[in-house]
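Okay, so here's the structure we're looking at.
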Number of protein chains: 2
Amino acid sequence: MDEVFHALADVTRRAIVERLVRGPAAVSSLAEPLAMSLPAVMQHLRVLEKAGLIRTEKVGRVRTCQIEPDMLRTAEQWLGRQRTHWERQLDQLDEYLQE
Amino acid sequence: MDEVFHALADVTRRAIVERLVRGPAAVSSLAEPLAMSLPAVMQHLRVLEKAGLIRTEKVGRVRTCQIEPDMLRTAEQWLGRQRTHWERQLDQLDEYLQE
């Protein structure tokens, strides 16, 4: 989870995730809208891959990236659990104040 | 969002969030189960506070922390949007394969 949240703590890496949830993409096409060098993009992709958020695959001369949704789901579920506890606490406070 | 995800990319800070969604707590009681010095705990609290995930308040000699749920919700919603796009893509692939 440390690696997942660390990977998402960067606006470029979040932009890459936002692109890849819409479908797989070649590294070159991911790099196109980003104002940075290809090695810098590759570095970001490595952070995302190490966190288990994306998978990359080289076919011939083209490296393609695709999302790995499991870790996104794990992070979302952790946040959802925190919200549930928080809402339960609010409800209890509410009941207490009404008594 | 960078600061929010960065703040959550640490197991101690997530443990503090997990504690605070159950209700406010004094810094001393937050520090109790953590195997670290009080200054180290304070440092983690500052990261969480800077990210807008918690609020701290000093009353007399006791500093109390409480959760600020808005940023947790924002992070959860971002992840939820990515899941929605991903599921839509899966559905489209499914339709395509059935045609």
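The values are calculated or read from the model by the stated rules, or taken from the named source; none is laboratory data. For clarity, every value in this text was computed on a predicted model and none was experimentally measured. Positions of Cβ are backbone-derived with ideal geometry, glycine not excepted, and every protein chain shown enters the neighbour counts. These area figures cover heavy atoms from the full protein model, side chains too; ligands, DNA and RNA do not enter into them. Shrake-Rupley method; radii C 1.70, N 1.55, O 1.52, S 1.80 Å.
Worth pointing out:
- Over segment A:2-98, the reciprocal of the mean inverse Cα-Cα separation, the Kirkwood hydrodynamic radius, stands at 15.1 Å.
- Axis-proximal residue of chain A for the rotation onto chain B, reported as residue and distance in whole Å: A:Phe5, 2, based on Cβ position.
- With R₀ set to 45 Å, the beta-carbon distance separating A:Asp2 from A:Val62 gives a calculated FRET efficiency near 0.90.
- Value of D in µm² per second that Stokes-Einstein yields for the protein assembly as shown, Kirkwood Rh from Cα pairs, at 10 °C (1.306 mPa s): 85
- Once the convex hull of all Cα atoms in segment B:54-99 is built, its volume per residue stands at 41 Å³.
- Cα centroid separation, segment A:32-78 to segment B:1-39: 29 Å.
- In nanometers and ordered shortest first, the copy-to-copy spacing of the A:Leu34 label point, defined 7 Å from Cα toward Cβ, is 3.2.
- Peptide A:23-29 is shielded by partner chain Cβ atoms: per residue, an average of 1 of them sit within 10 Å of its Cβ.
- Whichever aspartates and glutamates have a C-alpha closer than 18 Å to that of A:Lys58, once near sequence neighbours (fewer than 8 apart) are set aside: A:Glu49, A:Glu68
- Each of A:Met36 and B:Val11 was given a label point 7 Å from its Cα along the Cα-to-Cβ line. The distance between the two points is 2.8 nm.
- Contact surface A-B: accessible area buried, both sides summed, square angstrom, 1.4 angstrom probe: 2800
- With its label point defined 7 Å out from Cα along the Cα-to-Cβ axis, B:Leu90 lies at 2.9 nm from the matching points of the other copies, in increasing order.
- Projecting the Cα atoms of B:Thr56, B:Gln98, B:Met1 onto the dipole axis of chain B, where Lys and Arg carry +1 and Asp and Glu carry -1 at the beta carbon, places B:Thr56 farthest toward the positive end.
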